[in-house]
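First comes the structure, then the notes that go with it.
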Amino acid sequence: MIIRIKLTKEKLKQELFYKGAKGTYIDITLLENKNGTDEYGNDFMCVQDVGQERRAAGEKGPIVGNGKIVSRNAQNAPSPAPASQPVPEEKMEGDPSW
């Protein structure tokens, strides 16, 4: 499955960024929309995670974007050959890439 995410940079809380071994990170949580797909085709909302302590104290992270499913095919396999162009038998049997 492929999910496309769009984030609004201005809504990100800078104090929640943290340094890691390979760069600066933020934690984002993807939540499925309660009422399904919205009017813009979004299936999810993106929330900046505030961490366990702050969440336990009742703080919620800001909604910083949306996400939508753009492909349900996890492998992105090519489409089968059209019926008008049959796959040659030697391709099916002799070619290990088939």
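A few comments on the model shown:
- Filtered residue count, segment 10-49, keeping only those that are over 18 Å from the mean Cα position of the chain (by Cα), surrounded by 12 or more Cβ atoms within 10 Å (Cβ to Cβ) and more than 16 Å from ILE63 (Cβ to Cβ): 1
A quick yes/no check of all residues on (1) modelled with pLDDT of 95 or more; (2) assigned to a strand (DSSP E or B); (3) among the aliphatic types (A, V, I, L, M):
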position	(1), (2), (3)
GLU10	yes, no, no
THR24	yes, yes, no
GLY36	no, no, no
VAL47	yes, yes, yes
GLU53	no, no, no
LYS60	no, no, no
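The values are calculated or read from the model by the stated rules, or taken from the named source; none is laboratory data. It should be emphasised that the depicted structure is a prediction, and the values quoted were computed from it without experimental measurement. All Cβ positions, even for glycine, are placed from backbone atoms using ideal geometry, and neighbour counts span all protein chains on display.
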